[in-house]
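Right, one structure below, let's go through it.
Bear in mind that the values in this text are calculations on the coordinates, not laboratory data. As the structure is a prediction and not an experimental result, all values here were calculated from the model. So basically every Cβ, Gly included, is an ideal-geometry build from the backbone, and we count neighbours across all protein chains shown.
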Amino acid sequence: MMKPKPSPFSGSKKIIVTVIMFTAFLLSAVFSHAEQLTEKLTIDRFVSAETCGDCHSTIYDQWQNSMHHLSHNDPLYVGVSRYMLSGLTDSDEIAESESCVKCHTPVGNITGYPEKTSDDRNKVAEIATKGIQCDYCHSATGADKMFNNGLIVSPGHGEDDPGIKRGPFKDSNSDYHQSAFSEFHTDAKICGTCHNVSHVSFGTKLETTYDEWKNGPYNNTTDEKQKITCQGCHMHQRPGIPATASTPRPLNKGRAADDGPIRDHIFTHYFTGANTDIPANFKTDEKRDMAIERLTHSADLALDTLKIKEGKLGIIVTNSGAGHYLPTGLTDVRQMWLEIVIKDEKKNIVFSSGKLDKDGYITQGTIIYNTVFGDGKGHPVLNISKAREILKDKRIPPKESVTEHIVFQNNNFKQLNISVRLLYRSAPQKLIDLVLGKGKNVLSVVTMKQIETTVNL
Ligand code: HEC
Ligand code: HEC
Ligand code: HEC
Ligand code: HEC
Ligand code: HEC
């Protein structure tokens with residue numbers, strides 16, 4: 001900073017002093033603001049979920065062993081990220097494979113470690129290993145982009161000075177922390193900034209849950225009563241109440257804090273999606289059962305047997321429960337498929353599709369709802385760091401249906417027994433075998449819907 005020169009004009013001294021004082025005031029204001037902006041976000045500024053749980057015990061129990069809690073330690077995530085990192089030489093592909101920690105270990109990443117996915121997992125601070133946690137979400141003030149985690153997070157200064165916790169209440173009071181109403185927390189955007197994933201170099205849309213919802217019927221309606229945010233389904237769910245579009249989503253009366261007032265609705269924090277295996281790995285049957293309840297209220301199945309005599313069967317699958325595509329998220333990995341078995345009056349198989357082979361792999365010709373990424377030259381890729389294009393996108397938008405046309409040889413049957421199941425699992429068994437070791441983990445398959453009927457011809 002330049003020193004002001006002493007003025008030769010003694011008469012204007014007073015004015016000059018005032019100007020200098022004013023300038024100093026301006027500069028100090030600018031500097032303290034700049035200091036605030038550049039102040040490093042250190043890990044000790046975050047308060048552990050256990051501390052929050054001291055007063056918010058119900059919410060803590062719901063969040064514990066949720067996919068958010070497990071986002072850093074999830075064995076499938078750890079396995080897949082290792083697999084993705086191996087053997088890459090293209091810098092654009094490496095950049096993608098190093099970007100996972102931004103969402104999966106957000107508290108660590110935002111405070112400087114890990115910067116990259118390949119950074120030493122043993123050096124990650126204990127608190128950051130707890131994934132997407134209370135103080136991270138409740139210190140968020142907004143988002144600067146709606147993909148690849150654009151959350152702006154402003155935590156307090158640690159356990160003794162936890163700062164402002166933002167949430168849905170306008171009249172909330174705690175002796176421990178300041179509270180503030182935050183419209184952002186009531187908006188799907190707080191979820192969407194992470195639930196939209198783009199390839200960092202190629203821009204390929206890898207996950208689009210937020211966009212699917214944003215462009216879909218649960219957002220685009222003039223009837224306020226028909227609008228449902230992410231929170232409206234996922235933060236209304238509790239055991240026995242799947243809270244989907246096809247089931248009631250009743251309010252959850254209770255207390256936000258153990259010694260807080262009774263309120264009409266407390267948003268639940270299970271964050272149940274469709275994953276039945278990872279939470280169960282961490283010994284929580286409750287969350288597995290809740291995922292099954294959600295999946296079994298996601299879709300409807302119907303048969304069109306009008307042309308069955310000609311050897312034609314229609315199968316109609318409707319997305320009746322999800323606020324986004326079915327399936328959504330990581331749909332190059334997720335598997336939702338139809339198992340179809342048609343038998344004649346002598347129990348001979350007339351048509352069969354979608355049965356797993358002896359290794360648990362899906363067989364050729366199966367009708368599967370998923371996405372397939374390509375390398376830019378039309379070849380499918382398993383490693384998403386190489387995803388330069390979308391080769392296939394066969395999923396069902398919210399409130400929409402698809403009809404599958406099955407054709408079989410008509411041999412003057414007298415009777416046909418038709419069995420159709422809509423099945424789901426979180427990943428191909430082949431991928432599990434590849435990243436976690438062959439035959440070590442067998443993923444469970446959930447029956448989302450099934451129909452069995454006998455038609456007399
Ligand atoms: C922008 C945020 C974001 C980034 C970056 C990100 N993910 Fe994810 N990841 C998610 C979300 C959201 C889900 C849950 C989606 C779902 O359930 O379908 C998820 C789920 C997963 C799962 C599924 C886990 C399970 O148990 O089913 C795997 C595996 C995974 N991510 C791997 C990775 C890898 C590897 C990277 C880095 C190349 C990465 N992710 C980068 C947001 C992100
Ligand atoms: C993924 C982000 C996220 C995480 C992680 C999270 N919350 Fe929340 N929480 C929210 C949102 C969003 C709302 C408000 C939902 C709305 O208004 O639509 C909320 C609401 C609340 C409320 C107000 C009462 C209620 O539930 O309606 C409290 C208290 C709260 N959370 C505490 C916690 C605690 C304690 C933890 C950790 C055990 C936690 N939250 C973890 C996002 C999160
Ligand atoms: C000493 C007890 C105590 C601790 C520890 C505590 N809280 Fe709270 N918190 C409360 C009480 C009491 C309320 C008011 C509840 C109400 O108004 O219904 C509250 C309210 C909230 C709200 C609602 C704010 C609003 O305006 O909507 C959020 C969010 C919240 N806490 C998050 C957290 C988080 C995150 C932590 C850990 C960093 C935490 N709390 C730790 C007692 C505590
Ligand atoms: C109308 C209710 C509803 C709304 C709104 C809704 N969801 Fe879902 N969600 C579901 C149902 C039902 C499932 C289970 C079926 C499936 O996997 O799609 C699900 C599954 C998921 C999954 C797991 C997908 C998988 O297979 O791994 C994620 C992640 C998810 N939702 C996130 C979101 C986000 C983020 C939003 C808001 C942008 C949202 N949901 C809005 C009902 C809803
Ligand atoms: C900081 C980024 C981030 C934010 C914010 C976030 N999520 Fe997630 N979410 C993830 C990641 C990463 C996963 C997957 C963790 C894993 O599988 O390892 C996930 C998993 C989930 C799942 C479980 C998916 C399954 O396969 O079962 C649901 C449901 C979900 N999130 C809903 C929400 C909702 C609702 C919100 C907003 C209130 C939200 N998320 C906010 C990153 C985020």
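A few notes on this one:
- Percent of alpha-carbon pairs separated by more than 14 Å within the range 89-150: 58 percent
- A simple spin-label model places pseudo-atoms 7 Å from Cα toward Cβ; at Arg121 and Asp264 they are separated by 4.6 nm.
- Inter-centroid distance (Cα atoms) of the range 360-434 relative to the range 236-315, Å: 23 Å
- Quotient of Cα Rg and 2.2 N^0.38 Å for the range 65-200, N being how many residues it contains: 1.13
- Calculated from backbone phi, Karplus (6.51, -1.76, 1.60) coupling profile of the range 263-277 in Hz, x at Gly/Pro: 10, 5, 9, 10, 5, 7, 10, 6, 6, 7, x, 10, 7, 9, 9
- Under-5 Å amide H pairs with Phe373, H placed in peptide plane, nonlocal only: Val381, Leu391
- Electrostatic tally near Thr276: other residues with Cβ closer than 14 Å to its Cβ, Lys and Arg +1, Asp and Glu -1, net 0.
- Of the three principal axes defined by the Cα atoms of the range 46-292, the extents in descending order read 57, 45, 36 Å.
- Distant-in-sequence amide H partners of Arg238 (H built 1.01 Å from N, under 5 Å): none
- Integer Hz, Karplus 6.51/-1.76/1.60 couplings in order for the range 180-193, x for Gly and Pro: 8, 5, 9, 4, 3, 6, 8, 9, 5, 4, 5, 8, x, 5
- Around Gly203: net Lys/Arg minus Asp/Glu count, Cβ-Cβ under 12 Å: -1
- Geometric extent, Cα atoms of the range 239-354 - Rg, Dmax (angstrom): 19.8, 68
- Among residues other than Ile266 with Cβ under 11 Å from its Cβ, the summed charge is +3 (Lys and Arg +1, Asp and Glu -1).
- Vicinal HN-Hα couplings computed from phi for the range 350-358 (Karplus, 6.51 cos²θ - 1.76 cosθ + 1.60; Hz; Gly/Pro x): 8, 8, 8, 7, x, 7, 7, 7, 5
- Angle in degrees between helix 285-295 and the longest Cα principal axis of the chain, rounded to the nearest 10: 70 degrees
- Across the cross-link table entries Lys145/Lys253; Lys227/Lys253; Lys343/Lys449; Lys170/Lys214, which are compared at the Cα atoms, the separations over 28 Å belong to Lys145/Lys253.
- Cut-off of 10 Å, at most 13 other beta carbons, DSSP loop: longest stretch of the chain lacking such GluC sites (Glu not before Pro): 160-344
- From the C-alpha gyration tensor of the chain, square roots of 5λ in Å: 51, 26, 21
- Tilt relative to the chain, helix 75-85 - C-alpha long axis, 0 to 90 degrees, to 10: 80 degrees
- Using a cut-off of 31 Å between Cα atoms, the listed pairs Lys394/Lys430; Lys116/Lys438; Lys346/Lys440; Lys287/Lys430 include Lys346/Lys440 as exceeding that distance.
- Taking the helices alone, the chain has a mean residue ellipticity at 222 nm of -6500 deg cm²/dmol, built from -39,500 (n - 2.57) per DSSP H run of at least 4 residues and averaged over all its residues.
- Kirkwood hydrodynamic radius of the range 298-456, Cα pairs, Å: 17.1 Å
- Amide H contacts under 5 Å for Ser154, placed H, 5+ residues apart: Ala140, Thr141
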